[in-house]
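Below is one structure, written out as structure tokens, with a few remarks after it.
The values are calculated or read from the model by the stated rules, or taken from the named source; none is laboratory data. Only a predicted model underlies this, so the values are computations on that prediction, with no experimental measurement involved. Here the Cβ positions follow ideal geometry from the backbone for every residue, glycine too, while neighbour counts run over all protein chains shown.
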Amino acid sequence: MGAHKVTRYHDFSAGHRVKGHENKCRWLHGHNYRIYFTCEAKGLDSVGRVIDFSVMKERLCQWLEDNWDHRMILWDEDTEVLEAFTRKGALAPSVVTVPFNPTAENMAEYLVLAIGPEVLADTDVILTAVTVEETRKCSATFVLGQWLDEPLFA
């Protein structure tokens, strides 16, 4: 039996640095990110949808706009850079800290495991995959339950 999945993408701009990176990504820099959200449900709604695309926009895309767009995304353990930003009080509001090193892989996993359940809690829909595209050439995907032996919806 098949399954229905829907995907919507959203673009935003943000800066980050990858602490411990051996090359130039260790420096502060930015990307024009494209995030692909993939949702699934046990069945289709009465209209024949997994979820309306506008609901994905209102909840998932808007979360990106409110929390990461035009911000510097820094790991909460990146103390040397965080201290520099907080010393310059005017810059502090432009910084958002996250509980992980902000690689594309970690960002995708965080969106699936932490943000999806939060913003879709009152629906019958699950955010099952996120792809974080840093550039047109480079992306990372996290898929919920990819290594499980049983299907997501039993």
Inset, instruction - All but one of (1) over 11 Å from the mean Cα position of the chain (by Cα); (2) surrounded by 14 or more Cβ atoms within 10 Å (Cβ to Cβ) hold for VAL112, so report the exception by its number. - result: (1)
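Being aromatic (Phe, Trp, Tyr) and either part of a helix (DSSP H, G or I) or closer than 15 Å to ALA14 by Cα (or both) is the filter here; which residues of region 72-128 pass it?
Residues of region 72-128 aromatic (Phe, Trp, Tyr): 75, 85, 100, 110.
TRP75, PHE85, TYR110 - these are the residues of region 72-128 that are aromatic (Phe, Trp, Tyr) and either part of a helix (DSSP H, G or I) or closer than 15 Å to ALA14 by Cα (or both).
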Inset, instruction - Taking only region 75-109 into account, find how many residues are modelled with pLDDT under 95 and either under 20 Å from ALA140 (Cα atoms) or within 13 Å of the chain's Cα centre (by Cα) (or both). - result: 0
